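The values are calculated or read from the model by the stated rules, or taken from the named source; none is laboratory data. Since this is a predicted model, take the numbers as computed values, not measurements. Cβ placement follows ideal geometry from the backbone for every residue including glycine, while neighbour counts extend to all protein chains displayed. Keep in mind that these areas ignore ligands, DNA and RNA; they rest on the heavy atoms of the full protein, side chains included. Shrake-Rupley method; radii C 1.70, N 1.55, O 1.52, S 1.80 Å.
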Amino acid sequence: MTAILGAGISGLAAGHYLLRKTPTLPLTIYEATDRIGGWIRSDRFLDNGFVFEAGPRTIRPKGPAASNTLQLIEELGLADEVYSISSNHTAARNRMIYAKGKLNLLPNSLGGLLKTVPPFTKPLYFAAFRDLTAGRSKTVLNDESMYSFVERRFGKEIADYAVSSMLCGICAGNAKEISVKFLMKDLFEREQRHGGVLLGLLKEALQNRNKQKQRENVTTNPTSASSLAQRAKAENWSIYSIRGGLQTLPETLAEDLRAKGVPIVTGTKFEELTFERDRVMLRVDGKEQQLRHLVSSIPSYKLAKHVQKQHSQLASTLSSIPFVDVCVVNLQYRKADLLQQDGFGFLVPPIENLPILGVIFDSCCFDMDDNTVLTVMMGGAWFEKWFGKNPSNEHLLEVALKHVSKILHIDQPPDSYKVNLLRKCIPQYTVGHQDRVKAIRDYIEQHRLPIVLCGASYDGVGVNDVILSARTNVEKIQH
């Protein structure tokens, strides 16, 4: 018997890949909440032509992890439900940051790099010159913060406005704390190896043009790209989602697993976990069962509580991965064209000292009939600073509407809204994250514990990352 803890996208994907490997495997998935999908949550108002997304809403189609997700979507029969946005779509081309009191359109072509674009005070190609002339770091670094790395290589403005706001969008995190080695490993290693990012890119391109292609093939190990991945490349997708909201993906995964005889038990109480030689004793809802293997896709801090008694060192490292709270406020206005500038949305760099991380223009990305639909993201690494420990939904809504009015000049009240306070929803990959994850997995291997870990706590926060995390880690299980 094998069990999976957590029915978010990573836990469900783990079930999919386990069954693909061993179709007759006795398997149960346990979920503490009353729903599947984890942080992916789509509230559908299809009669009125719109969807509210509380969590992720789009997926990127490029790279090995992305190809793996597209293959999964195809296997689930969802290829015809994909809603793609090509690279020349307004939402793909127009991305903004709010800085120095106004919305600034980021360059989307080579020409934009050659002129001064606010909020920057110099053309962006100056940053490239800086990297070429900066030389390598004075000492060999094992890791450093994204902010420190980018400031050192490309200058303070790029660190303050481009990279810091980008990290607000990726993980609601502080660039001065997030690990460059984890998020941009290739760039960091090029600098350490070659003395510069661009220099490293040029040298590697000249040395071996096939290197990247070989690495991609090793990572995902498909026999060939799925037809959906080929379509994404041919149609030059920038991002995509699934009709009816991204929650369609975990729902379809769950349906597929149940059809194959896998029970997905929601609303469960995970009470105790004990390792006994090569078995796991799991107590859920007062019932004990012996397992040959356990897959944990739940957040690291939750698992830590259950291994503390037997393996305090492991629990300590699991607990050391920090998480942040994010408030997501969905707004719908029964009027199209309320936005003065179409695009994907905008991010707010921390240097602006505002409580919002950014706003996504959902109705610019996807067809929402005659509605303007926005998603305001707030808090993250600065949640407590702005909102304290227990803010009311009314206060959170008030802050969101105030900034929508100030920045987007939309003063009318929304026709519908939803305030989602997501506690400890995003892990923070702080400096040393890669070493922490290695220490966790090394400990499990050295002590021969029959448990496998996957999900956002360890391997990346994006939908592609957590699905590939599930596949990579469950494929290591020896039955």
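The table below lists the values:
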| item | result |
| --- | --- |
| Scan of the stretch 422-448 for residues that are surrounded by 15 or more Cβ atoms within 10 Å (Cβ to Cβ) and either at positive phi or modelled with pLDDT under 95 (or both), ordered by number | GLY432 |
| Search result, residues across the stretch 329-355 that are open to solvent by less than 10 Å² (accessible area, probe 1.4 Å) and either closer than 24 Å to GLY245 by Cα or more than 24 Å from the chain's Cα centre (by Cα) (or both) | VAL329, ASN330, LEU331, GLN332, TYR333, GLY343, GLY345, PHE346 |
| The stretch 164-179: number of residues that are without any contact (Cβ under 8 Å) to a residue 40 or more places away in the chain and under 16 Å from the mean Cα position of the chain (by Cα) | 1 |
| Set GLY55, GLY38: member being out of contact with any Cys (no Cβ under 7 Å at 6 or more places or on another chain) and either open to solvent by less than 30 Å² (accessible area, probe 1.4 Å) or at pLDDT below 95 (or both) | GLY55 |
| Wholly enclosed helices (runs of 4 or more DSSP H) of the stretch 48-163 bearing at least 3 residues among the small types (Gly, Ala, Ser) | 64-75, 125-134 |
| Residues being closer than 17 Å to ALA54 by Cα and either over 28 Å from the mean Cα position of the chain (by Cα) or among the β-branched types (Val, Ile, Thr) (or both) - total across the stretch 319-328 | 3 |
| Filter result (open to solvent by less than 30 Å² (accessible area, probe 1.4 Å) and of a type outside the set (A, V, I, L, M, F, W, C)) within the stretch 364-387 | ASN371, THR372, THR375, GLY379, GLY380 |
| Scan of the stretch 167-194 for residues that are open to solvent by 30 Å² or more (accessible area, probe 1.4 Å) and in contact with a strand residue (DSSP E or B) (Cβ under 7 Å, 6 or more places away or on another chain), ordered by number | GLY169, LYS176, GLU177 |
| Where ILE426 falls short, out of the listed (1) closer than 26 Å to VAL328 by Cα; (2) over 17 Å from the mean Cα position of the chain (by Cα) | (2) |
| Selection count, the stretch 164-182, where residues are farther than 23 Å from VAL326 by Cβ and not in a helix (DSSP H, G or I) | 0 |
| The lone exception for ASN88 - which of (1) modelled with pLDDT of 95 or more; (2) open to solvent by 70 Å² or more (accessible area, probe 1.4 Å) it fails | (1) |
| Filtered residue count, the stretch 296-318, keeping only those that are part of a helix (DSSP H, G or I), without any contact (Cβ under 8 Å) to a residue 40 or more places away in the chain, farther than 20 Å from GLY38 by Cα and in contact with a helix residue (DSSP H, G or I) (Cβ under 8 Å, 6 or more places away or on another chain) | 3 |
| Residues (open to solvent by 40 Å² or more (accessible area, probe 1.4 Å) and either at pLDDT 80 or above or closer than 10 Å to ILE178 by Cβ (or both)) located in the stretch 140-151 | LEU141, ASN142, SER148, GLU151 |
| Subset of the stretch 183-224 [in a loop (DSSP other than H, G, I, E, B) and either basic (Lys, Arg) or at pLDDT below 85 (or both)] | GLY195, GLY196, ASN208, ARG209, ASN210, ASN221, PRO222, THR223, SER224 |
| Lone qualifier among SER109, SER67 - being among the small types (Gly, Ala, Ser) and surrounded by fewer than 16 Cβ atoms within 10 Å (Cβ to Cβ) | SER109 |
| Residue within the stretch 405-419 that is closer than 28 Å to TYR147 by Cβ, aromatic (Phe, Trp, Tyr), touching a residue at least 12 places away in the same chain (Cβ under 8 Å) and surrounded by 13 or more Cβ atoms within 10 Å (Cβ to Cβ) present | no |
| Residue ID - nearest to TYR161 (Cα to Cα), chosen from residues in the stretch 112-139 that are touching a residue at least 40 places away in the same chain (Cβ under 8 Å) and open to solvent by 70 Å² or more (accessible area, probe 1.4 Å) | LEU132 |
| Selection count where residues are under 13 Å from PRO450 (Cβ atoms) and of a type in the set (Phe, Trp, Tyr), scope the stretch 267-298 | 1 |
| Residue within the stretch 237-256 that is touching a Phe, Trp or Tyr at 6+ places or on another chain (Cβ under 7 Å), open to solvent by less than 20 Å² (accessible area, probe 1.4 Å), modelled with pLDDT under 95 and not hydroxyl-bearing (Ser, Thr, Tyr) present | no |
